[in-house]
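The values are calculated or read from the model by the stated rules, or taken from the named source; none is laboratory data. Note that this is a predicted model, so its numbers are computed, not measured. Reconstructed Cβ throughout: ideal geometry from the backbone, glycine too, with neighbour counts over all protein chains shown. Remember, those area values only see protein heavy atoms, side chains included, never the ligands or the DNA or RNA. Shrake-Rupley method; radii C 1.70, N 1.55, O 1.52, S 1.80 Å.
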Amino acid sequence: MLFLGATLLHAQNNPYVDDKLLHFGFSLGMNFMTFGVTDSEEPLYSVASDQKEVYHARVSGLMPGFTVGFVSDLRMSRHLNLRFCPALSFSQRTITYKSESGNPVQNQTGDQKNKVDILSIPIAIPLYVKWSAEREKNFRPYLIGGGGVEFNVYRDAEQPVMLKSFDYFVEVGVGCDLYFEWFKLCPQITYKIGFGDILTHMDENIYLKPDETFYTAALRKLTSRMLCITFNFE
């Protein structure tokens, strides 16, 4: 760390790197995925109380995942760049169910299971606009924003809640270019908001087991959210 700090405080590294019309790189990062959950508010039969109850769902905790991607950058002006950064992410989200009466959550077979783990592996295909401030020695902060589409390549038919394979999103974030002798390291934080309903509803899920319909029926809509801490090497 002391070596990296000394390198950044040294005379300006790589002074003409930002003048390139086109450059490439790769990215590694850690993500935290969650859902925007809308309950169905529909009374569902409860084995525990032998009557219909309304259930509420929420995402319990944030589990870290892994993201890897490719960076291509087109210089448009002194402060503006157009960036195409496809990325592959791995993450798991957990939905927890709770009845309004407080009775244990049980499916139709009487098994107590109040949560569902959902693994997803989305491929994001985004386009960003990056606005950079003036460079100060070996530091250059920036803002980034854009949007794109996303394809979930992992759909587990054995799970009681299955996600759709397509979504679209917007993403905003901040970062800083750190200039070294042979490359730029660009740590950034972004927040992604999905707009599509990615829940595979009961009439669309032909794989849904009869004794697990409860977990999908309790949901009206799921939208994707993701916080990502990324390190770009360019």
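For Asn14 and Phe151 in the same chain, what is the full-extension length gain: residue separation times 0.36 nm, less their Cα-Cα distance, in nm? If you can, show how the numbers build up before the last one.
Values: separation 137, 0.36 × 137 = 49.32 nm, distance 3.68 nm.
Stretched fully, the Asn14-Phe151 segment lengthens by 45.6 nm.
With +1 on the Cβ of every Lys and Arg and -1 on the Cβ of every Asp and Glu, and nothing else charged, how large is the dipole of the chain about its Cα centre, in debye rounded to the nearest 20?
Values: 22 positive and 26 negative charges, 160 e Å.
Once rounded to the nearest 20, the dipole reads 760 debye.
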- prompt: Given Lys20/Lys192; Lys113/Lys221; Lys20/Lys130; Lys20/Lys184; Lys115/Lys209; Lys137/Lys184, which pairs have Cα atoms separated by over 18 Å?
  reply: Lys20/Lys192; Lys113/Lys221
- line: Which residues qualify? For Leu44, with a placed amide H closer than 5 Å and at least 5 residues away or on another chain, they are Glu53, Val54, Tyr55
- prompt: What accessible area per residue, rounded to a whole number of Å², is obtained for the chain using a probe radius of 1.4 Å?
  reply: 52
- request: In nm, give the distance between the simple-model label positions of Glu136 and Ser77, each being 7 Å from the Cα along the Cα-to-Cβ direction.
  value: 2.3
message: From the phi angles alone, apply the Karplus equation (6.51, -1.76, 1.60; θ = phi - 60°) to the range 27-34 and give each ³J(HN,Hα) in whole Hz, x where the residue is Gly or Pro.
response: 9, 10, x, 10, 10, 10, 9, 8
statement: Counting sequence-distant residues (5 or more places) and residues on other chains, those with an amide H built under 5 Å from that of Lys184 are Glu234
message: Nearest 500 deg cm²/dmol is fine: what mean residue ellipticity at 222 nm does the chain get from its DSSP H runs of n ≥ 4 alone, each adding -39,500 (n - 2.57), divided by its residue count?
response: -1500 deg cm²/dmol
statement: Once Lys and Arg are counted +1 and Asp and Glu -1 for all other residues with Cβ under 12 Å from that of Gly173, the total becomes +2
Amide H partners (placed H, <5 Å) of Arg140, local residues excluded: Asp177
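Rounded to the nearest 0.05, what FRET efficiency do Glu41 and Phe195 give with R0 = 22 Å and r taken as the Cβ-Cβ distance? Could you check?
Working: r = 22 Å, r/R0 = 0.99.
For R0 = 22 Å, the calculated efficiency reads 0.50.
Provide the net charge surrounding Ser27, with neighbours chosen by a C-beta distance below 15 Å and charges set as Lys +1, Arg +1, Asp -1, Glu -1.
Around Ser27, the surrounding residues sum to 0.
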